[in-house]
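S.K.: Please find one structure pasted underneath; my questions will follow.
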Amino acid sequence: MTSGGTTSGGRSRRTGAASAGTVLAARGGDARALDLLVAESLPLVYNIVGRALDGHPDTDDVVQETLLRVVRGLGELREPEAYRSWLVAIAVRQVRDRERERSSSRSRQAGLDTAEEIPDPASDFTALTVLRLGLTDQRREVAEATRWLDEDDRALLALWWLEETGEIGRSELAEALGLSARHTSVRVQRMKEQMQTARTIVRALRAEPGCPGLYELTRTWDGTPGALWRKRLARHIRDCAVCDGQSRSLFPVGQLLGGLPLLPVPPALADWGARGAQNAQSALPHTAALRRGHRAASKGGRALLHGRVFAVSAAATGVAGVAVAALLVAGLGTGPAADTGPVAADRSAAAATAPDVPSPTTPSAPPSPAATHSRTASNSASASRSAAPGASKAPAVQAPVVPASSSKKGVSAWSFSGVNSALTQSGASWYYTWSTTHSGITTPTGVGFVPMIWGSGSVTATALAQAKSAGPYLLGFNEPDMSAQSHMTVDQALQFWPQLEATGKVLGSPAVAYGGDTAGGWLDRFMSGAKAKGYRVDFIALHWYGGDFTTTDAVAQLRGYLQAVHDRYHLPIWLTEYALINFSGGTSSYPTGPQQAAFVTASTKMLAGLDYLQRYAWFALPASDTAASTGLFRSGPVATDAGRAFESAGG
């Protein structure tokens, strides 16, 4: 690749490269040109700010403040041809200002106030990028290594990565830093050396079998990357023949960037950008509301990121919703936006059946077909699996002894026309509704209902009493690692956990959206905390969505993920959501009916043969009557191809 805005093949990959004519028109008062300029500038600004801030919730605020300053200062730009360099320099300056504010704030605050300033590792974009793009081997290691960079190096990485992928040139990079070309080259080289060190650390921590000396060194490490542990681990690797030998086959970072797909701007921010200058001029009053929209369930027909992947709203795809920047690593953007769309609406309806459970997604208008349920493309079996503690073996509250179920097969469900007949016809031996109740569903004879405590708002006396009377099992929190779902920190989940234990039920872990096999991930930290506090976790609950529609490959990926999680915690597993959906194109796409059916048949056969896999639940019993979905039965009920395959499946 070159640094002049083209890939190795000579094709420019620059996004939002506003023409001088557009800049002149906007500067002259043309409102339409100003709208276009803001929308075209958004992807580049978002890419720089998001990666540099490492996924901090203030990313959107800084992006909007940058564009606000651009709009206000446009009249002072003398050379329209220099707009892009000027824009990049403003973005970098805003990042530096924000970092200074954060440093000052951290020096004055303590306790919970300080904790709120720290981004949740479970929400960072390294994991989202790895899962969405299905990154493997060295590209995956590059993404994970960015967690180990210092703040200054992450800011430089934001620019250098854009240079390597043809989004900006070296002159623009140097101007943004305020350095000469020679000094810039020195800074970039030092950052790349730091990146290389980080890659050797990632490689050593992921190695199987692992190095005994490294395991001993990290016994007291909490899994959070930092400068002190980077120095300790790097020193060990340099002096260890085992660890050093594992890092000798690393390709140069630049060679690993070619061919990677682009990620779009987050939906809420893309929606904001599509409205152009009007938003930029009124950004400050709305930044807090937009940030809340990321953390709660924003409403309306936006695109969504439920789970792991961004999708662009139909309103924004023409301008601000273009795929932007190169591979986003180590924190591009804030937490996920609203969970809307057909499947999200289905889940919203299910959650709404219980008044004590806050609905994660309640669209205020019919969602567009383009705004569909986003999930991970696949959970790779090659995720890091360094040693980590499992669940406590000394429960504070003993769970009841329950005979093994005669069938693993289950479904997630909510009320629809023909739901009772569909549940019977499906052959499922159990079902759940993301709630402690099953309003609108009459449980057929021989089918069990399993309650769930959905999130922190569901930990009420009423819900706990309902769970206690609903059978021997209880499912923990639903995707606490995602802001569009129950959105809980590990400490919050651990705080509430004794109340779930007190029901005396066979208790499943919180079901994370992704990364159940990742050292230092949300689930790993929860399980470590549970062990340290002597809390009981009887089985692991997981979600998985595959983007590879080749049956054999998809089944192998699912099995690999389950095996990796079991190897880490050595506990029984319940797979409580799974299906095939592909999100790699920015919007959800589904396999054909026969492809989904083939996966149902093959996956259920595989799952039936896993001794440690106690139960699984297809997502979901209902299917959309008008749009593509993964459901088993349309209204009536009328079985889909997947539904007929599910009926015939054993398990």
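The values are calculated or read from the model by the stated rules, or taken from the named source; none is laboratory data. Here the structure is a predicted model, which is why all the values come from computation and not from measurement. Cβ placement follows ideal geometry from the backbone for every residue including glycine, while neighbour counts extend to all protein chains displayed.
S.K.: Taking only pairs six or more apart or across chains, which ones have beta-carbon atoms under 8 Å, a first residue in the stretch 203-227 that is in contact (Cβ under 8 Å) with a residue 60 or more places away in the chain and within 21 Å of residue 142 (Cβ to Cβ), and a second residue that is in a loop (DSSP other than H, G, I, E, B) and among the aliphatic types (A, V, I, L, M)?
M.R.: Note: pairs meeting the criteria are 203/250; 205/519; 210/387; 223/388; 223/519.
S.K.: Another one. Give the residue, chosen from 514, 473, that is among the hydroxyl-bearing types (Ser, Thr, Tyr) and touching a Pro at 6+ places or on another chain (Cβ under 9 Å).
M.R.: Testing whether each residue is among the hydroxyl-bearing types (Ser, Thr, Tyr) and touching a Pro at 6+ places or on another chain (Cβ under 9 Å) leaves just 473.
S.K.: Within the stretch 550-594, which residues are farther than 28 Å from residue 627 by Cα, in contact with a Gly (Cβ under 7 Å, 6 or more places away or on another chain) and not hydrophobic (A, V, I, L, M, F, W, C)?
M.R.: 569, 570, listed by residue number.
S.K.: I'm trying to understand the selection: among the residues of the stretch 473-502, which are hydroxyl-bearing (Ser, Thr, Tyr) and over 19 Å from residue 531 (Cα atoms)?
M.R.: Listed by number, the residues that qualify are 473, 483, 486.
S.K.: Something else now. Anything in the stretch 466-507 that is within 25 Å of the chain's Cα centre (by Cα) and in a helix (DSSP H, G or I)? List them, or say none.
M.R.: Within the stretch 466-507, 490, 491, 492, 493, 494, 495, 496, 497 qualify.
S.K.: With respect to residue 155, is the statement that it is at pLDDT 80 or above, assigned by TED's automatic domain parsing to the domain that holds residue 230, small (Gly, Ala, Ser) and surrounded by 23 or more Cβ atoms within 10 Å (Cβ to Cβ) true? First the steps, then the outcome.
M.R.: Details: at pLDDT 80 or above: no; assigned by TED's automatic domain parsing to the domain that holds residue 230: yes; small (Gly, Ala, Ser): yes; surrounded by 23 or more Cβ atoms within 10 Å (Cβ to Cβ): yes.
No.
This table checks each residue for (1) under 16 Å from residue 610 (Cβ atoms); (2) aliphatic (A, V, I, L, M); (3) assigned to a strand (DSSP E or B); (4) touching a residue at least 24 places away in the same chain (Cβ under 8 Å).
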| position | (1), (2), (3), (4) |
| --- | --- |
| 540 | yes, yes, yes, yes |
| 558 | yes, yes, no, yes |
| 561 | yes, no, no, yes |
| 576 | yes, no, yes, yes |
